Each structure stands twice: as C-alpha cells, then as structure tokens.
Amino acid sequence: MRTAIGILMMLAGLAFGIYAGLWWAFIGGIVDVINAARASDIDAVKVAIGVAKFLFSGVIGSVCGIVAIFPGYALLEWRK
C-alpha cells in the first residue's frame, strides 16, 4: 500500500510541478505582462509580478514538484 501511495504522490508532484511552472508561472507571467501593457494606465506592480513569474517559472515548477516527489519517493519500499 505504501508503494502505491508513494507512486501516486510522485505522479501528483510531477503534475503539480508542470502545472505550476508551465501554466501558472510561465504562460501566466506572459499573459500578465501583455495585459498590463495593453491597459490604458500601466501598473508597474502588475508588470513586475508578471516578469518575476516568467523569470522564475523553472524554480517555481521545480520546488512545487519536489514538495510531493521527495515524500513519495521516501514511501516507496525498495527493499523487502
């Protein structure tokens, strides 16, 4: 049972890392910057947050994935 939970946690960590890094941070950062640039009055904070999300998308995705992958790996029973 621990092996199944460990594998599920690792797969969930992989999916969450891809979602957070690729969709929320990378694509969301680009969309935030474009929306802020198209606005009639440019808000510097929105542009800065969008750029920061874009630049740190790899780190965000990695950290979010590792949060669930490492405990899932620890649950696997390699030795019986």
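The values are calculated or read from the model by the stated rules, or taken from the named source; none is laboratory data. Model, not experiment: these values are computed from the prediction. Here Cβ is always computed from backbone atoms with ideal geometry, including for glycine, and neighbour counts include all displayed protein chains.
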| Long-range neighbours under 6 Å by Cβ, at least six apart or interchain, first residue closer than 17 Å to residue 48 by Cβ within the stretch 5-33, second small (Gly, Ala, Ser) and surrounded by 19 or more Cβ atoms within 10 Å (Cβ to Cβ) | 25/57; 26/57; 29/50; 32/50; 33/50
| request: Specify the residue that is nearest to residue 63 (Cα to Cα); the eligible residues are those in the stretch 19-45 that are exposed (fewer than 15 other Cβ atoms within 10 Å of the Cβ) and within 22 Å of the chain's Cα centre (by Cα). | output: 19
| field | Residues located in the stretch 1-41, provided they are at pLDDT below 90 and polar (S, T, N, Q) | value | 3, 40
| request: Would you point out the residue of the stretch 46-80, among those that are within 14 Å of residue 20 (Cα to Cα) and aromatic (Phe, Trp, Tyr), that is nearest to the chain's Cα centre (by Cα)? | output: 56
